[in-house]
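Notes for the one structure printed next.
The values are calculated or read from the model by the stated rules, or taken from the named source; none is laboratory data. Since the structure is predicted, the reported quantities are computational estimates derived from the model, not experimental observations. No Cβ is skipped: glycine too gets one built from the backbone with ideal geometry, and neighbour counts run over all protein chains shown.
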Amino acid sequence: MSYLITIIPSLMSGLKTTLGVFFLTIIGSVPLGILVSLGMKSPYFTIRWLINGYIWIMRGTPLLLQLIFIYYGLGMMGITFPRFESAIIAFIINYAAYLAEIFRGGLQSVPRGQYDAAKVLGFSKIQTFFKIVLPQVIKIVVPSFGNEVINLVKDTSLVYVIGLGDILRAGNIAASRDVTLTPYLLVGVMYLIMTAIVTLLLRRSETVLNTWR
Amino acid sequence: MLEIKNLTKQYNENVIFKSLNLTVNDGEVLSVVGPSGIGKTTLIKIMAGLETANDGEIILNGNPINTNGESSDVNIGMIFQDFNLFPNYTVIENITLAPVNVSKQPKSEAIKQAKELLDSLGMLEKADLYPYQLSGGQKQRAAIARALAMNPQILAYDEPTSGLDEASTHQVTEVVKALKERGVTQVIITHDQPFAEAVSDRMFDFATEVQR
Ligand SMILES: Nc1ncnc2c1ncn2[C@@H]1O[C@H](COP(=O)(O)OP(=O)(O)OP(=O)(O)O)[C@@H](O)[C@H]1O
Ligand SMILES: [Mg+2]
């Protein structure tokens with residue numbers, strides 16, 4: 001017990017990094033993902049082509065590699081970001097690509113008739129999007145969005161590769177210093193708590209969204 | 001008065017109608033009939049600003065309306081074949097959404113007006129239900145109330161009785177008649193001969209009156 005108390009401060013500071021990566025990624029990748037999904041429907045071939053290329057690269061290569069590339073690779077080309085910023089950039093552009101695919105599916109499932117009805121009633125394109133289309137998209141995407149959020153909780157541990165002190169790294173250091181597996185167990189429990197909270201919030205929002213069909 | 005002059009519509013090389021002429025008088029109930037695929041829905045979609053016309057014009061009370069499919073004229077309301085109610089809003093919210101957000105009516109006033117409309121359509125007790133909780137006939141009346149809330153001069157219906165049972169068809173008949181009493185001009189696409197005879201002042205037959 002007293003051993004646990006000695007390692008908790010370092011795990012807590014690791015947790016701060018983990019949560020920082022987690023929340024900043026969500027805040028950045030959701031709007032970017034929406035923009036990208038709208039861009040996929042752009043009338044301009046070039047925009048669609050660029051977006052498809054971006055999504056292909058983001059989904060076709062490991063996030064770990066993207067992280068390494070942005071921190072070390074760009075660094076060698078003279079474009080340097082601090083570790084934390086590199087991690088945030090890599091996570092946001094990676095997750096935005098996955099989310100864009102999810103949002104695109106959601107957008108496609110809103111029937112054409114909804115746009116027609118809105119137009120005949122005089123709604124502007126922006127009103128139509130925010131008041132009529134987006135709520136329907138949100139309802140459709142919540143389950144798959146939730147899976148991505150849970151993946152993100154675990155993916156944050158990848159930042160160790162560029163030397164960021166997240167919770168897993170804190171556990172790692174304590175485990176090898178004190179020659180015990182206890183810190184790993186504690187780290188596992190903390191991930192479980194985080195994913196449990198996310199799962200709970202998702203259930204809640206699904207219940208709220210089920211008031212209409 | 002709605003005047004459709006020399007209206008031509010084609011999808012690529014496929015001519016749907018050519019030089020269509022049709023006048024709808026104020027307060028009139030006009031049925032539009034004709035076989036499937038002949039262009040009835042296309043015509044009211046152009047009227048409602050949802051489709052582009054290739055040629056010709058549509059004039060409402062002396063003012064030409066936009067037929068390039070870019071914007072809709074709120075003076076023309078439309079009841080869709082499958083209603084297209086907004087599933088994420090209750091019946092009353094479906095009705096007040098456009099008056100509040102488009103016409104910038106105060107919310108309390110919009111709600112009052114919506115309740116009057118629902119009451120006149122026998123739908124008041126359904127005000128707080130979501131569309132999925134309504135029967136076909138109730139959805140139809142909710143869609144009519146939603147369109148009426150914008151005070152259109154003309155209401156166009158796409159097959160309002162298709163998929164409705166006899167009782168609901170009767171209710172729609174009563175609604176059309178009541179709106180006629182209030183002076184609303186109505187254009188009704190229908191395959192339902194008895195319904196057309198019961199409600200309309202005049203019929204427009206695509207098969208005989210339209211060039212292709
Ligand atoms: N977006 C489109 N692109 C190409 N052709 C179309 C399009 N929409 C409709 N058409 C064609 O236009 C013709 C008229 O269609 P429309 O829906 O107006 O028929 P309708 O008279 O309403 O038929 P119904 O009674 O079956 O509803 C049809 O042959 C249809 O295939
Ligand atoms: Mg039709």
Open item on the list: So in region B:62-100, with the set limited to residues that are without any contact (Cβ under 8 Å) to a residue 40 or more places away in the chain, facing chain A (nearest Cβ under 9 Å) and surrounded by fewer than 19 Cβ atoms within 10 Å (Cβ to Cβ), which one is farthest from B:LYS45 (Cα to Cα)?
Closed with: B:ASP82
Task: All positions within region B:149-179 that are more than 16 Å from ligand 1 (Cβ to nearest atom), among the polar types (S, T, N, Q) and part of a loop (DSSP other than H, G, I, E, B) - done: B:ASN151, B:GLN153
Open item on the list: Consider region A:38-51. How many of its residues are modelled with pLDDT of 95 or more and under 15 Å from A:PHE103 (Cα atoms)?
Closed with: 1
Open item on the list: Quick check on region B:33-51. Is at least one of its residues within 14 Å of chain A (Cβ to nearest Cβ), surrounded by fewer than 22 Cβ atoms within 10 Å (Cβ to Cβ) and in a loop (DSSP other than H, G, I, E, B)?
Closed with: yes
Task: Scan of region A:76-109 for residues that are surrounded by fewer than 20 Cβ atoms within 10 Å (Cβ to Cβ) and either closer than 30 Å to B:PHE80 by Cα or among the aromatic types (Phe, Trp, Tyr) (or both), ordered by number - done: A:PHE81, A:PHE84, A:GLY105, A:GLN108, A:SER109
Open item on the list: Whether any residue in region A:160-182 is away from chain B (no Cβ under 14 Å), in a loop (DSSP other than H, G, I, E, B) and charged (D, E, K, R) is what I want to check.
Closed with: yes
Task: Single residue of B:SER120, B:SER103, B:SER108, B:SER135 found to be away from ligand 1 (no atom under 16 Å from the Cβ), over 17 Å from the mean Cα position of the chain (by Cα) and within 9 Å of chain A (Cβ to nearest Cβ) - done: B:SER103
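Residue-by-condition table, conditions (1) more than 16 Å from ligand 2 (Cβ to nearest atom); (2) closer than 21 Å to B:GLU125 by Cα:
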{"position": "B:LEU148", "(1), (2)": "yes, yes"}
{"position": "B:PRO152", "(1), (2)": "yes, no"}
{"position": "B:GLY163", "(1), (2)": "no, no"}
{"position": "B:GLU174", "(1), (2)": "yes, yes"}
{"position": "B:PRO194", "(1), (2)": "yes, no"}
{"position": "B:ALA198", "(1), (2)": "yes, no"}
TODO: Kindly indicate whether any position in region B:156-165 is among the aliphatic types (A, V, I, L, M) and under 21 Å from B:GLY39 (Cβ atoms).
DONE: yes
- [ ] Report, ordered by the first and then the second residue, all pairs with beta carbons closer than 7 Å, sequence separation of six or more or different chains, a first member in region B:146-159 that is touching a residue at least 60 places away in the same chain (Cβ under 8 Å), and a second member that is small (Gly, Ala, Ser) and within 16 Å of ligand 1 (Cβ to nearest atom).
- [x] B:ALA156/B:ALA48
TODO: Mind listing whichever residues of region B:6-45 are β-branched (Val, Ile, Thr), within 16 Å of ligand 2 (Cβ to nearest atom) and farther than 27 Å from B:ALA198 by Cβ?
DONE: B:ILE16
TODO: Give A:ILE193, A:ILE126 a once-over and let me know the one that is away from chain B (no Cβ under 13 Å), surrounded by fewer than 18 Cβ atoms within 10 Å (Cβ to Cβ) and either assigned to a loop (DSSP other than H, G, I, E, B) or out of contact with any His (no Cβ under 6 Å at 6 or more places or on another chain) (or both).
DONE: A:ILE193
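May I ask you to say which residue of B:GLU28, B:GLU13 is away from chain A (no Cβ under 14 Å), modelled with pLDDT of 95 or more and either more than 13 Å from ligand 1 (Cβ to nearest atom) or over 21 Å from B:ALA207 (Cβ atoms) (or both)?
The unique qualifying residue is B:GLU28.
Rundown of residues vs (1) farther than 24 Å from A:LEU202 by Cβ; (2) out of contact with any helix residue (DSSP H, G or I) (no Cβ under 6 Å at 6 or more places or on another chain), yes/no style:
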site: A:GLY105; (1), (2): no, yes
site: A:ALA117; (1), (2): yes, yes
site: A:PHE130; (1), (2): no, yes
site: A:SER157; (1), (2): no, no
site: A:ILE162; (1), (2): yes, no
site: A:ARG169; (1), (2): yes, no
- [ ] Could you please find all residues in region B:81-91 being more than 16 Å from ligand 2 (Cβ to nearest atom) and under 19 Å from the mean Cα position of the chain (by Cα)?
- [x] B:LEU85, B:PHE86, B:VAL91
TODO: Look through A:GLY28, A:GLY60 and report the one residue that is under 25 Å from A:SER157 (Cβ atoms) and surrounded by 17 or more Cβ atoms within 10 Å (Cβ to Cβ).
DONE: A:GLY28
